[in-house]
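Report on the structure given below.
The values are calculated or read from the model by the stated rules, or taken from the named source; none is laboratory data. Model, not experiment: these values are computed from the prediction. For neighbour counting, all protein chains shown are included, and Cβ atoms are generated from backbone atoms with ideal geometry for every residue, glycine included. When the accessible area is computed, the model is the full protein with side chains, heavy atoms only, and any ligands, DNA or RNA have been set aside. Shrake-Rupley method; radii C 1.70, N 1.55, O 1.52, S 1.80 Å.
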Amino acid sequence: MKISTTCVQGGYTPGNGEPRQIPIIQSTTFKYDTSEDMGKLFDLEASGYFYTRLQNPTNDFVAAKIAQMEGGTAAMLTSSGQAANFFALFNICQCGDHIVSSSSIYGGTYNLIAVTMKRMGIDVTFVPPTATEEELNAAFKENTKAMFGETIANPALTVLDIEKFAKAAHAHGVPLVVDNTFATPVNCRPFEWGADIVTHSTTKYMDGHGAAVGGAIVDSGKFDWKAHADKYPGLCTPDESYHGVTYVERFGLEGAFITKCTTQLMRDLGSIQSPQNAFILNLGLESLHVRMQRHCENGLAVAEFLSGHPKVAYVNYCDLPGDAYHELAKKYLPKGSCGVVSFGLKGGRAAAEAFMKELKIAAIETHVADARTCCLNPATSTHRQMNDEQLKEAGVPAELIRISCGIEDKEDLIADLAQALTACK
Ligand SMILES: *Cc1c(COP(=O)(O)O)cnc(C)c1O
């Protein structure tokens with residue numbers, strides 16, 4: 001099946017007389033005839049549901065669709081994108097371990113890795129997305145267990161050289177985890193370029209309507225944990241909390257990672273997506289391929305308009321020829337990147353503030369990647385505790401505006417930007 005068909009029909013095939021749309025199984029628990037039946041579930045000898053903190057059928061239909069979209073072998077939903085990235089890394093890293101991560105990543109993920117996971121004893125080395133092969137190789141240590149990056153980084157809009165990062169990760173016997181939130185599997189499938197685990201904030205384009213916070217983790221099933229068994233005892237040696245099950249033996253390379261993540265991390269940390277939200281997410285997935293096309297068409301039109309305007313100092317959008325990441329975009333994102341464009345006005349911070357006040361269609365929000373166009377000046381909102389010097393260092397200079405182009409008519413979006421640029425002094 002092509003990606004468009006998978007978006008609409010993947011993950012759930014109703015039987016004769018069953019509901020056409022996936023049912024919302026709004027139940028915390030599931031009933032069994034005998035204790036023996038239930039015991040088999042607890043011992044992981046049979047598959048089935050017993051408690052929604054760990055697994056729920058509605059979630060599993062949607063996770064199966066996302067696994068198909070990414071070309072993976074198994075997937076799970078989490079309560080948020082933050083939970084997805086934490087679980088994906090914590091499933092294979094523990095106190096005393098080390099991660100190599102691109103420095104160009106979402107602020108929440110940066111904090112997660114640099115502050116919270118560090119407090120748990122997991123160290124990190126950040127590398128620029130433009131690092132050479134030698135620089136990447138130099139970042140690895142004996143105790144490195146994972147490499148991390150974002151296909152298109154939020155908000156810097158850098159494009160990850162997935163093949164280069166995967167090569168470095170594999171040379172050191174560790175998997176590459178890629179957050180594919182902004183590109184979505186419609187525009188890029190990181191597994192085809194060597195990534196091993198993919199994560200998503202489904203809150204963004206996948207839901208696409210600003211309606212439900214959520215996350216997903218997908219396994220390619222390709223990383224050979226057994227070949228690096230000394231690094232990954234959690235997957236390759238018996239789990240005493242499940243009567244000695246060894247995940248790679250019982251569930252194979254195709255199922256070990258997600259099974260361990262569900263049975264250990266969901267059991268103990270409990271960050272499941274609600275079945276209601278999974279249902280809403282699935283409605284978004286049904287039109288993702290159609291929406292992404294329009295987001296990209298609008299993004300490109302807006303980027304082209306802005307780059308030709310006399311009041312605009314610069315535009316970052318990888319589909320523009322001349323953008324620093326255009327060559328990588330042509331390779332990894334041939335169908336387009338996403339609807340998010342960032343730009344700077346010549347008048348700096350004051351001009352950005354004055355300009356945004358004049359916008360009529362583009363609303364000021366911290367959100368991105370949904371059907372309605374929205375924009376943000378990080379310096380006066382999410383990053384307002386930083387001074388101009390710190391902002392520059394963080395790659396979000398004071399004048400930077402991030403606009404997330406929705407699926408409205410591009411002529412209306414451009415007219416809105418044009419009148420605001422004229423009106424602002
Ligand atoms: C928003 C975002 C996240 C965090 O996701 P939440 O659903 O808000 O928890 C992680 N990664 C990227 C790239 C994001 O844009």
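See the values below:
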quantity	calculated
Criterion (modelled with pLDDT of 95 or more, outside the structural domain of residue 402 (by TED's automatic domain parsing) and more than 20 Å from residue 169 (Cα to Cα)) met by exactly one of 88, 83	83
Criterion violated by residue 17 - all others in (1) surrounded by fewer than 11 Cβ atoms within 10 Å (Cβ to Cβ); (2) in contact with a His (Cβ under 8 Å, 6 or more places away or on another chain) satisfied	(2)
Wholly enclosed helices (runs of 4 or more DSSP H) of the stretch 1-111 bearing at least 3 residues free of Cβ contacts under 8 Å to residues at least 12 places away in the same chain	35-42
Enumeration of residues in the stretch 78-105 that are open to solvent by 10 Å² or more (accessible area, probe 1.4 Å) and either more than 11 Å from the ligand (Cβ to nearest atom) or in contact with a Cys (Cβ under 6 Å, 6 or more places away or on another chain) (or both)	90, 92, 94, 95, 96, 97, 103
Index of the failed condition, residue 130 passing every other in (1) within 28 Å of residue 204 (Cα to Cα); (2) open to solvent by 20 Å² or more (accessible area, probe 1.4 Å); (3) not in a loop (DSSP other than H, G, I, E, B)	(3)
Residues within the stretch 388-425 that are under 18 Å from residue 351 (Cβ atoms) and part of a loop (DSSP other than H, G, I, E, B), tallied	6
Candidates 360, 331, 335, filtered to the one that is closer than 19 Å to residue 408 by Cα, basic (Lys, Arg) and out of contact with any strand residue (DSSP E or B) (no Cβ under 6 Å at 6 or more places or on another chain)	360
Residue check for residue 115: away from the ligand (no atom under 13 Å from the Cβ) and either assigned to a helix (DSSP H, G or I) or in contact with a His (Cβ under 6 Å, 6 or more places away or on another chain) (or both)	yes
Residue satisfying all of: in the stretch 233-245; hydroxyl-bearing (Ser, Thr, Tyr) and surrounded by fewer than 18 Cβ atoms within 10 Å (Cβ to Cβ); farthest from residue 44 (Cα to Cα) among these	237
Residue list for the stretch 123-165, filter: among the acidic types (Asp, Glu) and under 19 Å from the mean Cα position of the chain (by Cα)	150, 161, 163
Single unsatisfied condition, residue 45 versus (1) at pLDDT 95 or above; (2) of a type outside the set (S, T, N, Q); (3) more than 16 Å from the ligand (Cβ to nearest atom)	(1)
Tally, over the stretch 140-180, of residues that are touching a residue at least 12 places away in the same chain (Cβ under 8 Å) and either within 12 Å of the ligand (Cβ to nearest atom) or open to solvent by 10 Å² or more (accessible area, probe 1.4 Å) (or both)	27
Failed criterion for residue 261 (all others in (1) over 30 Å from residue 339 (Cα atoms); (2) more than 20 Å from the chain's Cα centre (by Cα); (3) hydrophobic (A, V, I, L, M, F, W, C) hold)	(2)
The stretch 118-133, residues that are more than 16 Å from the ligand (Cβ to nearest atom) and either within 23 Å of residue 325 (Cα to Cα) or of a type outside the set (A, V, I, L, M) (or both)	118, 119, 121, 123, 125, 127, 128, 130, 131, 132, 133
Answer from 183, 211 - the residue that is within 16 Å of the ligand (Cβ to nearest atom), under 22 Å from residue 258 (Cβ atoms) and either crowded, with 24+ Cβ neighbours inside 10 Å or over 12 Å from the mean Cα position of the chain (by Cα) (or both)	183
